[in-house]
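Structure first, then comments.
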Amino acid sequence: MPEAQEYLRSDGSCPFGDRFADLRDARAQARIDTTIRKLARGLKPDVKSVGEGVHEARIDYGPGYRVYFGNDGETLLVLLLCGDKRTQDQDITAAKALWVEYQARKVAPPPKRGQPRPPPRLRSDDEKA
């Protein structure tokens, strides 16, 4: 089963976490959380590819919430962004850019000679506020 982790940018910001925290609707947060838990169990609740390795999980609630993610192998699900139908086009573009950023950081050369390359940071459950 894949593990769901939020992507942290090099500046420490978390696009998914920031958007999720800004939601004022507790039921929407619960539905998004349920969708993420289903994805982490290997289920695909209303998921479609939006291209370039990014997928969109659609949630039939309110304004049509969306969760954007990428699969890093079979064991890691990288949460990139969440949004709704009103901002779908911009969200897809942003999620694709975040996925490209994640992949580039993953294969970046080591920062200093002889030191191992640090992988892209992901927010663990312990770091979520």
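Values quoted throughout were computed directly from the atomic coordinates according to the rules given, and no laboratory measurement underlies them. All of these numbers come straight from a predicted model, not from anything done at the bench. Using ideal geometry, Cβ is built from the backbone for each residue, glycine included, and neighbour counts are taken over all protein chains shown.
Observations on the structure shown:
- Of the trypsin sites (Lys or Arg not before Pro) found in the stretch 8-112, those that fall in a DSSP loop while having at most 15 other beta-carbon atoms within 10 Å are 9, 24, 41, 112.
- On Cα atoms only, tilt of 26-40 relative to the major axis of the chain in degrees: 50 degrees
- As a proxy for reagent exposure, ranking 35, 93 by other Cβ atoms within 10 Å from fewest up yields 93, 35.
- The amide H of residue 81, built 1.01 Å from its N in the peptide plane, has 68 as neighbours under 5 Å, considering only residues 5 or more places off or on other chains.
- In order along the stretch 45-56, phi translates into HN-Hα couplings of x, 6, 10, 9, 7, 10, x, 6, x, 9, 10, 10 Hz, rounded to whole numbers, per the Karplus curve 6.51 cos²θ - 1.76 cosθ + 1.60 with θ = phi - 60° and x for Gly and Pro.
- Rounded to whole numbers, the Karplus 3J(HN,Hα) couplings from phi for the stretch 19-25 are 5, 4, 5, 6, 5, 8, 8 Hz, using 6.51 cos²θ - 1.76 cosθ + 1.60 with θ = phi - 60°, and x at Gly and Pro.
- The aspartates and glutamates within cross-link reach of residue 44, meaning a Cα-to-Cα straight distance under 16 Å and a gap of 8 or more places when in the same chain, are 3, 33, 56, 60, 72, 74.
- Counting only alpha carbon atoms, the long axis of helix 88-106 and the longest principal axis of the chain meet at about 20°.
- Compactness relative to 2.2 N^0.38 Å, alpha carbon Rg of the stretch 1-119: 1.09
- Low-density loop positions, GluC sites (Glu not before Pro), the stretch 14-80 - DSSP coil, at most 12 other Cβ in 10 Å: 74
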